[in-house]
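The values are calculated or read from the model by the stated rules, or taken from the named source; none is laboratory data. Here the structure is a predicted model, which means the values were calculated and not measured. Because the Cβ atoms are built from the backbone with ideal geometry, glycine has one as well, and the counts that use them run over all protein chains shown.
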Amino acid sequence: MVEQLFGSKTRVKLLQLFYSNPNRSFYVREITRKIDEQINSVRRELANLLSVGIISSDTTNNRLYYEVDQKYEYYAPLAAIFGGAPFEGVTVEGATPVVAQAPTEVGTQSLKSLGNVDLALYTGQFTRDERSGIDFLIVGDVNPTKLSKYVAELEEQEGKEIRYTLMSPDEFKYREQVNDRFLGQVLGSKKQVLVDKHHVLAPKPVKEKSEKE
């Protein structure tokens, strides 16, 4: 049904991949591996999505990367269809793609199986932003052994070494209070949020001025 509405199976798979992974960039061969489609078909559909403005492209180290364009006019409704985001919102947290593996699930494990996860996000290699110096941040009371296995499976899935940092909720709060430089760099970097249980990364509401002011 969805393939009939949107023209092709490859196009639908690409939309699911991109909208399930906002802020994350992919190169062509990585995309073909993740959605299991022929490279010529992928290239053709990428060109179509680029021409419409749904995705954007950029070159880093002589490699062309693609990612969803969150400024696209119809980003929110398409994210609701393909990324699992609510229609009214434009952030896709813990999104679950139909074809590509969900960012919160790796191999035989999910983030929930690790313990009580308050915050988890991708940055660094995943988003091509090296300001933080890491690729994966997880905050919560989790099982270190299960986390190590999760990261090992993630490395196998992605085909690269993953630099990660684990913080307890208390450590995270302390680092926030003292304006810790490392944490500030991580949170200020381009990132894909997988879990944000307490909405610590949600935009702060703008305080309206009173009539007296």
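State yes or no: is TYR174 modelled with pLDDT of 90 or more, assigned to a helix (DSSP H, G or I) and among the aromatic types (Phe, Trp, Tyr)?
Values: modelled with pLDDT of 90 or more: yes; assigned to a helix (DSSP H, G or I): yes; among the aromatic types (Phe, Trp, Tyr): yes.
Criteria met by TYR174.
If you scan the range 11-52, which residues turn out to be in contact with an Asp or Glu (Cβ under 8 Å, 6 or more places away or on another chain) and more than 20 Å from ARG128 (Cβ to Cβ)?
ARG11, VAL12, LYS13, listed by residue number.
Taking interchain pairs and intrachain pairs at least six residues apart, which have beta carbon atoms under 8 angstrom, with the first residue in the range 26-40 and closer than 14 Å to ARG11 by Cβ and the second outside any strand (DSSP E or B) and charged (D, E, K, R)?
ILE35/LYS13; GLU37/LYS9; GLU37/LYS13
Answer with yes or no whether ASP129 is at pLDDT 90 or above, of a type in the set (Asp, Glu) and loosely packed, with under 14 Cβ neighbours inside 10 Å. I'd like the intermediate steps shown before the answer.
Details: at pLDDT 90 or above: yes; of a type in the set (Asp, Glu): yes; loosely packed, with under 14 Cβ neighbours inside 10 Å: no.
No; evaluated as a whole, the condition is false for this residue.
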